[in-house]
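Enquirer: Structure provided below as structure tokens; questions to follow.
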Amino acid sequence: MKTTTQNKTRAIVNENSQTTVELHKAGATVVGIISLLFGGWAVACMTAGVIASGGPVSFATEYIKAIVG
């Protein structure tokens with residue numbers, strides 16, 4: 001008579017190594033910097049639009065005219 005035994009082993013891998021954490025930090029930093037650049041560009045464009053149109057009220061009316069047609 002043969003006896004067969006089966007052993008199951010599981011290996012748990014720690015995925016939160018220092019390298020992974022640092023890469024996540026670097027990625028978050030890059031996304032933050034790019035977001036700041038886009039926000040700055042948007043503020044610059046809005047400021048230029050207000051100056052070109054002659055003031056905030058005129059800017060708002062021209063903006064609504066552009067949307068409505």
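Enquirer: With unit charges on the beta carbon (Lys/Arg positive, Asp/Glu negative), name the residue among Ile33, Thr61, Val21 whose Cα is farthest towards the positive pole of the charge dipole of the chain.
Expert: Val21
Enquirer: Taking the Cα atoms only, what angle lies between the long axis of helix 18-53 and the longest principal axis of the chain, rounded to 10 degrees?
Expert: Around 10 degrees separate the two axes.
Enquirer: Let me spell out the model: positive unit charges on the Cβ of Lys and Arg, negative unit charges on the Cβ of Asp and Glu, origin at the Cα centre of the chain. What dipole size does that give, in debye rounded to 20?
Expert: Working: 5 positive and 3 negative charges, 115 e Å.
The calculation lands at about 560 debye.
Enquirer: Kindly provide the Kirkwood hydrodynamic radius of the chain in Å, to one decimal, from all pairs of distinct alpha carbon atoms. Intermediate values should be presented prior to the final figure.
Expert: Working: mean 1/r = 0.0561 Å⁻¹.
Hydrodynamic radius (Kirkwood, Cα only) of the chain equals 17.8 Å.
Enquirer: Relative to the longest principal axis of the C-alpha atoms of the chain, give the angle of the C-alpha long axis of helix 56-68, reported between 0 and 90° and rounded to the nearest 10°.
Expert: 70 degrees
Enquirer: Another question, then. What number, rounded to the nearest 500 deg cm²/dmol, is the helix-based mean residue ellipticity at 222 nm of the chain, given -39500 (n - 2.57) per DSSP H run of at least four residues and division by all its residues?
Expert: It lands at -25000 deg cm²/dmol.
A short reminder: the numbers here are calculations on the coordinates, not readings from a lab. This one's a predicted model, so the numbers in the text were calculated from it and none came from an experiment. Here Cβ is always computed from backbone atoms with ideal geometry, including for glycine, and neighbour counts include all displayed protein chains.
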